[in-house]
1. Only helices at least 27 Å long along their own axis, judged from Cα atoms, and with Kyte-Doolittle mean hydropathy of -0.5 or greater: name those in chain A from DSSP H.
2. When the expected Rg is taken as 2.2 N^0.38 Å, what fraction or multiple of it is the alpha-carbon Rg of chain B?
3. Take B:Arg141, A:Arg412 and order them by how many other Cβ atoms sit within 10 Å, fewest up front.
4. How much of the pair distance distribution for region A:61-174 lies past 20 Å, counting alpha-carbon pairs only, in percent?
5. Pairing the Cα long axis of helix B:186-195 with the longest principal axis of chain B, what angle in degrees results, from 0 to 90 and rounded to the nearest 10?
6. Where in region A:286-303 is the amide nitrogen less than 15 Å from a point lying 7 Å along the Cα-to-Cβ axis of B:Ser206?
7. Taking A:Lys3 as the anchor, which aspartates and glutamates have their alpha carbon closer than 13 Å to its alpha carbon, excluding any fewer than eight residues away along the same chain?
8. So what does log10 I(q)/I(0) come out to for region A:522-580 at q = 0.16 Å⁻¹, using the Debye formula with one equal point on every Cα and no solvent?
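Every read-out reported here was derived from the displayed coordinates using simple, explicitly stated rules and does not represent laboratory data. Note that this is a predicted model, so its numbers are computed, not measured. Neighbour counts are summed over all protein chains in view; Cβ atoms, including those assigned to glycine, are modelled from backbone coordinates with ideal geometry.
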Amino acid sequence: MDKILRINMGADGGPKAEAEPVGSYAGMGGRALTSAIVSKEVPPTCHPLSEDNKLVIAPGLLSGSAAAMSGRISVGCKSPLTGGIKEANSGGQPSQMIGRLGYAAIVLEGKPKDDTLYRIYINKDKVEIKADKSLKMLGNYAVAEKMKAEYGDKVGCISIGPAGEMKMAAASVAFTDMEFRPTRHAGRGGVGAVMGSKGVKVIVVDDAGCSVRSPKDADRFKEANKAFVAGLRKHAVTGQGLPTYGTNVLTNVINEAGAYPTKNFMWGRFDGCSKISGETQAETENTRGGEGSATHGCHRGCVIRCSGTYYDKDGHYLTKQPEYETVWAHGGNCGIDDLDTIAMLDRLDDDYGLDTIEMGATIGVAMEAGIAKFGDAQAAISLVKEVGKGSPLGRILGNGAAVTGRVFGVERVPVVKGQSMPAYDPRGVQGIGVTYATTTQGADHTAGYAVTANILGVGGSVNPLKPEGQIELSRNLQIATAAIDSTGMCLFIAFAILDQPDTFQALLDLLGSFNGQKLTGDDVVGLGKSILTMERDFNRRAGFTKEMDRLPDYFKKEKLPPHDVTFMVKDSDLDQVFNW
Amino acid sequence: MKPSTQRTTTAPREIALTMSRNAVSRFLPLLGEGILLKGPGGETVEAFLVKTAGVSPAYLKERVQTVFLNGKALDDFSTARVADEATLALSAAMPGLAGAVLRRGGIYAPMRRQISHEAQSQNAGGGEIYITLKLFNMVARELGPEFLKRGVLVPGVRLKDFMERQGRWAWEGCLSVKIDGRPAEVGPAAELIANSHWIRLSVHASG
């Protein structure tokens, strides 16, 4: 991956593609690369939908190699939702393909002078950019079918649905999975709107004739990969819990803890939780689709396989297994306890190209505003269809919870920097609230997700009896997460790393042997810090202040039942998160 | 629905199902909604589970990584005590930061200090107590079949709701039914479930 493909959509005479050496970005991948390019090349005060913004699509450092779990991909830009820097992360097939094509990143720049919609085809010999009116306002599923008919099923697609074309701030970028379905999404922050603003409907990547990327030290790499896979398989979370139930295994547990945001963050428990739990979901999938339906990878090379396939009551494919955050957003957060409804909403979100977290949170706000009643499943489906149609109401909803709350006069709007909070109430798990408040990305549970900080030795040991303990933990988690996001590795590897030092060593060996270097925990920490520094600097230049590193006031005032807790971390402590 | 530990003065009716082997797991989510357990009061969580539920101390230590007592995350089940009408929930290690945070005695436990179970200063009391036990995820998968075989006490209304949610699969794979030890048909069993305050349900795998 020694080149960057830059496609100028606003070039004189029509879009032009040019590959250039990776240059000063050498050695970067995933989030490190997207954030470096955006931070260096995008004017921080530009309009996110303007020609000055760039959409950077970057596979991880190991994508395209034989390393297990290395198929994640990062999409970066200035976010239309938060106004700050954005990295949204996805699974799917294209990451490995882009890696094998030799590109460290594909960068969409400029903007067409009219509303022409383009498709881009990339293989080892050429980059073809064609205007294609037939794709206009198609859903992601129809786009994938059209591309498959034309190019076969061995390629991968990166596409936007109608939400991206309408430049909605909740629009996602879809990546096709192993079955050529557009079920994997870089969901957060409106990255789909930026792709829409560039006039690009779909990028087809074709790695035919390309070989798997070779490590510099093949023997060491092979050994490390073997040890890494064995470590993942033997761990209770990555080898059993996630493959059996998927991420939705968290529903019962978070609900029991009283930290499950219910009906727009009014309660911490949802009465209908067991009806939509991971246990119920897995049994439903296996009963309807046959044993094994609840266990599936999001890309080739995934050994955790935390996804699955959701079938309707008649046994027909409806969508991929909705994740915990999706089930919460469209389920408990809206008072809906029906898995079939939630799966339908997930399918609609994927087809229109919408972030499921943002849409679920937005419908929760709309329900509080009286647009529909909490628990009304059909109303929720109708509201998402309004977004797909682009009606005036749909345009409001498609721009997220913050806009919807403002339009309908709702005070309880669970956002930070304009982005909706995910499925963990920060009053229940206050350390996650610290991350929601301070991350560069807007409220985001994955920004401080890599529970590896103790292994990395980031920030020294934490005294749990001191209030600043949560600040230090959040800081350490954010540093570790930024680093893992840059490798192209799935964040779920963190659990095996947390408990098994030999698995962490295997990961370091995997990364080191690929590049022929010896990598240490300190190197990983240094990478994480440098990414966060770049992102913080971009946000500062975009006008962000420390006052934006806060949760909405009501989290400090309204007690969350059943434990009746408020968010108690002081503002002055939040300001210490990035002091290292 | 919050599990009610209200007791009846009459003995609960018993329904015993024999299911095809692969259909037994369909009942496991029911265990996550809560079953009623009777046992001695004043015991620690660990002792109560070992004595009353037949769970081995080794299993508790190795596999049960997340425990909630009355909705609060528990770090040490060898000291916390269960009282009458308590709700106890058991889970394996969970993913996500939240999973790591909620883990028993984990390094991220400070991040949920506000919802952690605090050590009790007073005695939880003796005598006979009833608690609601919830088994989640891998714990339900591993301990659940034995619980179901021995029989679990569940509110009839919850079992009715659970069976209705299964749709056309509700009784699929059901090879035989017994009510209070006597062979019966599916219809009367469904009717009994709909009209009983409490049911002792046992589910056996065929073969």
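1. A:469-487
2. Output field value: 1.07.
3. Ranking B:Arg141, A:Arg412 by Cβ neighbours within 10 Å, fewest first, gives A:Arg412, B:Arg141.
4. Details: 3101 of 6441 pairs.
That tail contains 48 percent of the Cα-Cα pairs.
5. 50 degrees
6. No residues fall inside that zone.
7. A:Glu18, A:Glu20
8. -0.69
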